[in-house]
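Undergrad: So that we are looking at the same thing, I have put the structure below in structure tokens.
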Amino acid sequence: MNAVQLASELTLYAIIIVAVVQDCRSMKISNRLILLGLVLSLVFGIILGRTSEFLYILGNIFFPVILLYLLYLLGVLGAGDIKLFSVIGAFTDFKTLTRCILASFFVGAGIAIVKLIANRSLRDSLWRSFLYLRALAKGERYSYREVCPKENLMHFSVAILIGLMAARGWSLL
């Protein structure tokens, strides 16, 4: 890994870490941060000579949006989280992006279970989830955030950061 590749990698992690801080403080990830990440990925792409891969990179940016849009509509995943995956896609290859998404959901599930057990609301949350899914099956549509108690909401950006580290570690194998 040369110095520019290392700088690109460190920039990606810095953006994700800032997003985690923003998410933990306000349950939102700034669009300015997302835009900064996309612009910096473009700059690093030009420096690294990846301009011929422009369409490939665009595909990586839009893949998470297309894949996860339904979860956003259902209120299960925030728009900032999806845009954060897009930034990761702009900096990485498709294999790393898909591994990151997969690992993030596994990590997120683990964090959610621990949080629900700690809050002593696992059974209640499972019941609410069942009722929510039943309502969806009947054609009723509302955000999951409406039925989820605030103390059970999680900062998914944390899972994304851990998922990225896992995907990068996975890539080294």
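Undergrad: Suppose all protein chains stay in the model; what accessible area per residue would a 1.4 Å probe give for segment 72-137, in Å²?
TA: Working: 3380 Å² over 66 residues.
Heavy-atom SASA per residue in segment 72-137 reads 51 Å².
Undergrad: Determine the share of the chain's accessible area contributed by carbon and sulfur atoms, expressed in whole percent, with a 1.4 angstrom probe.
TA: Numbers: 6970 of 10190 Å².
C and S atoms contribute 68 percent here.
Undergrad: Using a Cα distance threshold of under 26 Å, what count of lysine pairs results for segment 1-151 when pairs must be 8 or more residues apart or interchain?
TA: Values: 28/83; 28/115; 28/150; 83/95; 83/115; 83/150; 115/150; 138/150.
Qualifying lysine pairs in segment 1-151: 8.
Undergrad: Two decimals is fine: what is log10 I(q)/I(0) at q = 0.13, 0.16, 0.20, 0.24 Å⁻¹ for segment 40-109, from a Debye sum with one equal scatterer on every Cα and no solvent?
TA: Log10 of I(q)/I(0), two decimals: -0.38, -0.55, -0.79, -1.03.
Undergrad: Right, here's the next one. Which value, in debye to the nearest 20, gives the size of the charge dipole of the chain about its Cα centre, when Lys and Arg are +1 and Asp and Glu are -1 at the Cβ? Walk me through the numbers before you get to the answer.
TA: Working: 17 positive and 9 negative charges, 94 e Å.
The dipole of the chain has a size of about 460 debye.
Undergrad: Which residue, 58, 122, 46, has the largest displacement toward the positive end of the dipole of segment 44-167 when charges sit on each Cβ (Lys, Arg +1; Asp, Glu -1)?
TA: Sorting the options by dipole projection puts first 122.
Undergrad: Using only helices, what value at 222 nm comes out for the chain when you add -39,500 (n - 2.57) per DSSP H run of length 4 or more and divide by the total residues, to the nearest 500 deg cm²/dmol?
TA: Estimated from H runs of four or more residues: -26000 deg cm²/dmol.
Undergrad: Give a residue-ordered list of calculated ³J(HN,Hα) values for segment 103-110 (Karplus: 6.51 cos²θ - 1.76 cosθ + 1.60, θ = phi - 60°; whole Hz; x for Gly, Pro).
TA: Couplings: 4, 4, 5, 5, 5, x, 5, x Hz.
Undergrad: Could you run the Karplus curve 6.51 cos²θ - 1.76 cosθ + 1.60 with θ = phi - 60° over segment 122-127 and give me ³J(HN,Hα) per residue in whole Hz, x for Gly and Pro?
TA: Residue by residue, segment 122-127 yields 4, 4, 4, 5, 4, 5 Hz.
Undergrad: Across segment 14-27, in residue order, what do the Karplus-derived ³J(HN,Hα) couplings come to in whole Hz, using 6.51 cos²θ - 1.76 cosθ + 1.60 with θ = phi - 60° and x for Gly and Pro?
TA: Karplus values, whole Hz, x for Gly and Pro: 4, 5, 5, 5, 4, 4, 4, 4, 4, 4, 5, 7, 9, 6.
Undergrad: Could you tell me how many degrees, from 0 to 90 and to the nearest 10, lie between the Cα long axis of helix 156-172 and the main elongation axis, the longest principal axis, of the Cα atoms of the chain?
TA: 50
Undergrad: Given the Cα atoms of the chain, and with Rh set as the inverse mean 1/r over their pairs in the Kirkwood sense, what is Rg to Rh to two decimals?
TA: Values: Rg = 17.3 Å, Rh = 17.1 Å.
Using Cα coordinates only, the ratio equals 1.01.
Undergrad: Please state the equivalent ellipsoid semi-axes for segment 1-85: what are the square roots of 5 times the Cα gyration tensor eigenvalues, largest first, in whole Å? Walk me through the numbers on the way to the answer.
TA: On the way: eigenvalues 122, 59, 15 Å².
One finds semi-axes of 25, 17, 9 Å for segment 1-85.
The values are calculated or read from the model by the stated rules, or taken from the named source; none is laboratory data. This structure is a prediction, so every number in the text was calculated from the model and none was measured. Using ideal geometry, Cβ is built from the backbone for each residue, glycine included, and neighbour counts are taken over all protein chains shown. Surface areas here come from the heavy atoms of the whole protein model, side chains and all, with no ligands, DNA or RNA. Shrake-Rupley method; radii C 1.70, N 1.55, O 1.52, S 1.80 Å.
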